[in-house]
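The values are calculated or read from the model by the stated rules, or taken from the named source; none is laboratory data. Please read these numbers as outputs of a predicted model, since none were measured by experiment. A quick note on method: Cβ atoms are made from the backbone with ideal geometry, for glycine too, and the neighbour counts reach across all protein chains shown. Accessible surface is based on the protein model in full, side chains and every heavy atom, while ligands, DNA and RNA are left aside. Shrake-Rupley method; radii C 1.70, N 1.55, O 1.52, S 1.80 Å.
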Amino acid sequence: MHMKKYFLFAMLIVSLNNCSAQVPDSGSFFLHKFAQNIGKETYKLERSGNTFTYNIDFKFIDRGSPVPLKAQLVTTAGYEPISLFIKGNTSRFSTINDTIHIQNKNVSIRVDDSIYTETLAPIAFPVGGYSPGTVQMALLQYWKEHGEPKNIPLLPTGMVSISRQGKDELSFMNKPLILDRYIVSGLIWGNEIIWTDQKGNLVCLITNDAEGDKLEMMQTDHESLLPELISRAATYGMQLFSASMKMDVSKQKVLAIVGGNIIDVEGNEPVSNSVIIIENGVIKQVGKAGTIKIPANATTIHAEGKTILPGLWDMHSHFEQAEWGPAYLAAGVTTVRDVGNEFGYINSIKSAIDAHKGVGPFIIKAGIIDGPGPAGLGVVRATTKEEAIQAVDMYKDNGFAQIKIYSSVTPVIVKVITDEAHRLGLTVTGHIPQGMTTKAGIDSGMDMVNHMQYVYAMMKRNKDNSVDLQDSASVAALDYLKAHHTVIDPTIGVYEMVFRSVKDDILEMEPNYYTLPIPLQALFKNMGMPPAQAELAKPRMQSMMNLIKALHDKGITIVAGTDMGFPGYSVARELELYVKAGLTPMEAIQTATIVPARVMNMDKRTGSIKAGKQADLVIIDGDPLKEIRNIRNVWMVIKEGQQYDPGVLHRMVGFKK
């Protein structure tokens, strides 16, 4: 009996020693945004008997703003959780302050100032979101210790699912390196991709921060592998959705859409009780029922009582994760202009979609270039003339249609970028860099400007920050924009989100809020200002709305862009705000259809419903010309002749519809 007890005790010690051997005493991960190293996470592991204590320091600096976080995770040597303390920032605009303590199957939880207790579930693990990565590494080990269950409840709230996806073989220091690949869902909106070594130690985590921006954590010794893993993450993310859709465009060679009311965004009369014939992804015929013969081999789509629009555009997209693809299509968006992304990531995403190996809109790529300094963004920087030319040439050689200038480019380099871009047939959009006026940016060759704030800065302002549109300086600024054919994407929905009072009903801004995935609801719930501050911001917000109408009335080109916001739905909100500003529903819809197609020199191919154009359509249940909010009622989406059910697409990425 004594020998048996001794044997069991000895085996336990061996088991604990084996667990300990797999966990290094310390670890460090570089943190990246736009593939740029912007910070570091480190952990130190203290062992005391059967207890592991991870002390974690996480900090990055995003465009000059520090994002620091401290955490302490305590587990048993078998990864059973004991406590988690996490406090600090999760983005430039969000904070966290959670304490979770487990004792005798009871859980004590503190979230900010809220304190409560609950009974510990048979399986549960404390996590504070996407960061720190060390906690996710421990979560992965906990999942393995418990037999790799389909779901794990999280503390203080939520549910996570983890799945093995396979192994990746890479070359590292001239030797093969085998990494295990996992998908983690539930900590952020959509899927994270994790790679570990064969012992389960975290090598790479590709996730999204609390702003929705893609963020990578890379084990410091393996930093050189990051570009390859970013590219693979894009491909794998797209494959998850294309596999579930089982797309085969060859099966839909001929479609006939009958009975719908077509909105002609080129200014002609609508076509009621129409017929649209689509062959091999191209519109072959459009007309009234009875004037067009429906081919015998056509698949018929009955659209009686519904409205048919060209597929919508988002001219200010940041395709930060694969989930944006289905979310965009579900909202009727078939084309996006991505105005700044990681070079390898957006190339892989676009390639997958174009090859029908991914689900998403057609992507027009605008390559971002920033300048020197702590507020710079990304790894593509231009300080010298040679660097500027090299960056523009790289984007041109890789199929980018445009250059996006960011906020730290110096005035001299702005001119070099625009000259080289124009020489190569590219247009230039972007921010007005610090130290430049909007007029100076346009004088230097910028064809387009992102964000209404740069137009607002040109105007004569009153003491309350409202704009005096009758002042001669404001009139001259509008005349200048008109004379230079400057294109503006206002992203007015972003300002509504930033300037709103957090006490206001969020359903006024986004009626589909409660259909969003829970991580997105949490992300947007507290976005805005305290009521008193929001009240002070009202004159500025109203002035920006007034400027939309003033720009339009002046004949200055406006294109609908969102700068992310509520995935997919933000395009509808942008158009609703244009109508609220004084545009007609038709004028608002044109900013997201034929106008951007003309701006990007693609109107011969898409942007309206005409014979010979690409079959990019959205079928609406209701009439958005009578009530613009009806544009949200997407019944079917057709992109390049491929049919999509918006409900299926939304459920694919965690929406409740």
Next item on the list: Just check region 468-621 against the gyration tensor rule for me: Cα atoms, a ≥ b ≥ c as the square roots of the eigenvalues, rounded for a/c under 1.5, and otherwise prolate or oblate depending on whether a/b exceeds b/c.
Entry: oblate
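Please work out the average accessible area per residue across region 534-657, using the 1.4 Å probe convention, and give it in Å².
Values: 4390 Å² over 124 residues.
With all protein chains present, region 534-657 gives 35 Å² per residue.
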Notebook entry, point to check: Can you give the helix-only mean residue ellipticity at 222 nm for the chain, where every DSSP H stretch with n ≥ 4 adds -39500 (n - 2.57) and the sum goes over all residues, rounded to the nearest 500 deg cm²/dmol?
Noted result: -9000 deg cm²/dmol
Check: In Å, the Kirkwood hydrodynamic radius of region 221-369 over pairs of distinct alpha carbons?
Finding: 17.4 Å
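What's the magnitude of the charge dipole for region 536-657 around its Cα centre, counting Lys and Arg as +1 and Asp and Glu as -1 at the beta-carbon? Answer in Debye, nearest 20. Don't jump to the answer; show the numbers that get you there.
Details: 18 positive and 12 negative charges, 38 e Å.
Dipole size: approximately 180 debye.
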Check: Using Cα atoms only, what is the angle between the long axis of helix 385-397 and the major principal axis of the chain, expressed in degrees (0 to 90) to the nearest 10?
Finding: 80 degrees
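Among 33-39, 421-427, how do they line up from the highest to the lowest mean number of other beta-carbon atoms within 10 Å? Working shown, then result.
On the way: 33-39: 20.6, 421-427: 16.9.
Per-residue mean Cβ counts within 10 Å order the peptides as 33-39, 421-427.
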Next item on the list: May I ask you to order 300-310, 174-184 by the average number of other C-beta atoms within 10 Å around their residues, highest value first?
Entry: 300-310, 174-184
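Against the empirical 2.2 N^0.38 Å scaling, what ratio does the C-alpha Rg of region 316-414 come to? Before the final figure, lay out the partial values.
Numbers: Rg = 14.4 Å, N = 99, 2.2 N^0.38 = 12.6 Å.
Here the answer is 1.14, to two decimals.
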Checklist line | Between 0 and 90°, nearest 10: helix 226-245 axis offset from the chain longest Cα axis | finding: 70 degrees
Next item on the list: Return the carbon/sulfur percentage of the accessible area of region 477-607, one whole number, probe 1.4 Å, all protein chains in place.
Entry: 55 percent
Next item on the list: Using semi-axes √(5λ) of the Cα gyration tensor in Å as the read-out, say which of (1) 37, 31, 22; (2) 51, 24, 22; (3) 45, 30, 25 was calculated from these coordinates.
Entry: (3)
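Rounded to whole Å and sorted largest first, what semi-axes of the equivalent ellipsoid does the C-alpha gyration tensor of region 17-114 yield via the square root of 5 times each eigenvalue? Each step should come with its number before you reach the end.
Numbers: eigenvalues 145, 80, 12 Å².
They are 27, 20, 8 Å, listed from largest to smallest.
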Notebook entry, point to check: What's the center-to-center distance, using Cα atoms, between region 343-357 and region 378-396 in Å?
Noted result: 22 Å
Item checked: Farthest toward positive dipole pole in the chain [+1 Lys/Arg, -1 Asp/Glu at C-beta], among Gly311, Leu478, Pro153 -> Pro153
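Pairs of alpha-carbon atoms within less than 8 angstrom and 6+ residues apart define the contacts here; what relative contact order does region 315-381 have, in percent?
Values: 84 pairs, mean separation 22.0, N = 67.
Computed over region 315-381, the figure is 33 percent.
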Margin query: If packing is taken as the average count of other Cβ atoms within 10 Å, what order do 287-298, 188-199 fall into, highest mean first?
Written below: 188-199, 287-298
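Taking all pairs of different Cα atoms in region 412-476, averaging 1/r and flipping that mean, what Kirkwood radius in angstroms comes out?
Values: mean 1/r = 0.0772 Å⁻¹.
About 13.0 Å for region 412-476.
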Notebook entry, point to check: Can you list the HN-Hα couplings for region 622-628, worked out from phi with the Karplus curve (6.51, -1.76, 1.60; θ = phi - 60°), rounded to whole Hz and with x for Gly and Pro?
Noted result: x, 10, x, 6, 8, 8, 4
Next item on the list: Give me the angle, in degrees from 0 to 90, between the Cα long axis of helix 569-581 and the longest principal axis of the Cα atoms of the chain, rounded to the nearest 10.
Entry: 40 degrees
Item checked: Amide N of region 372-390 lying under 11 Å from the label point, which is placed 7 angstrom from the Cα of Gln434 along Cα→Cβ -> 372-377
Check: What's the center-to-center distance, using Cα atoms, between region 586-630 and region 111-182 in Å?
Finding: 43 Å
Next item on the list: Sum up the charges of everything whose Cβ sits under 13 Å from the Cβ of Asp623, counting Lys and Arg as +1 and Asp and Glu as -1, but leave Asp623 out.
Entry: +2
Item checked: Heavy-atom surface of region 280-374, accessible at 1.4 Å and reported per residue (Å²) -> 29 Å²
Next item on the list: Whenever you get a sec, compute what percent of the accessible area on region 234-381 sits on carbon and sulfur atoms (1.4 Å probe).
Entry: 51 percent
